[in-house]
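What follows is one structure encoded as structure tokens, with my remarks underneath.
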Amino acid sequence: MVRWEPDSRGRLEQAALALFGERGFDNTTVADIAARAGLTERTFFRYFTDKREVLFSGAGQLQELLVSAVVNAPDSAAPIDAVAAAIEAAGAVLQERRDYARQRQSVIAANTELRERELIKLATLASALADALRRRGAPGPAATLTAEAGIAVFKVAFERWVTESNQRDLPWLMRDSLTELKAVTAGG
């Protein structure tokens, strides 16, 4: 019988990332993760449906944050500015988990199935942002284009943040990447 200890979910996440890094995603089992965390497989399945979900379980919360920021942007904000506020808000939240994000991205980059899953997550986020922009009154094609551009900015800034050796924060990189996109589209 395993003794109850706090933060089972966090311990499972840490154990999974460590094992994925040591053995690779495909060579790590749920039983391995649970054992490393000092928990049972049953406890693992209380928090995650499978081992992939350890890496993607926060996607719903990220989507809620992005959509909420777009919906709550001032009425006068242009669609791109509403999306910029949303990705910057997401960046501020993710900033607190930089080491986790780096480890997670390393695992994803090493596995084709996980890279595909990450792309699906990003497409889902873009779709949710586009829907939020439409609710704000942006026309369909403009909403879709703006949302896709926002997710592209998010992706580029995130990749810079987890791979660069500098210590710039993620919200700053989000703003910088958006500034670069605006310069490129303005012909600069």
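Some notes on this structure:
- Considering 107, 67, the condition of being touching an Asp or Glu at 6+ places or on another chain (Cβ under 9 Å), in contact (Cβ under 8 Å) with a residue 60 or more places away in the chain, buried (at least 18 other Cβ atoms within 10 Å of the Cβ) and not small (Gly, Ala, Ser) is satisfied by 67 alone.
- Count of region 136-174 residues which are acidic (Asp, Glu) and within 12 Å of residue 88 (Cβ to Cβ): 1
- Region 9-57, subset surrounded by 21 or more Cβ atoms within 10 Å (Cβ to Cβ) and small (Gly, Ala, Ser), residue nearest to residue 117 (Cα to Cα): 16
- Unique residue being more than 22 Å from residue 149 (Cα to Cα), of a type in the set (Lys, Arg) and over 17 Å from the mean Cα position of the chain (by Cα) when the list is 52, 46, 104, 98: 46
- A single entry from 101, 110, 142 fulfils the requirement of being in the same structural domain as residue 82 (by TED's automatic domain parsing) and within 25 Å of residue 185 (Cβ to Cβ): 142.
- If the condition is being buried (at least 18 other Cβ atoms within 10 Å of the Cβ), hydrophobic (A, V, I, L, M, F, W, C) and not in a loop (DSSP other than H, G, I, E, B), then region 130-161 contributes 130, 132, 133, 143, 147, 149, 151, 153, 154, 157, 158, 161.
The values are calculated or read from the model by the stated rules, or taken from the named source; none is laboratory data. Because the structure is a prediction, the values reported are computed rather than measured. Counting neighbours? That spans all protein chains shown, and the Cβs are built from the backbone with ideal geometry, glycine included.
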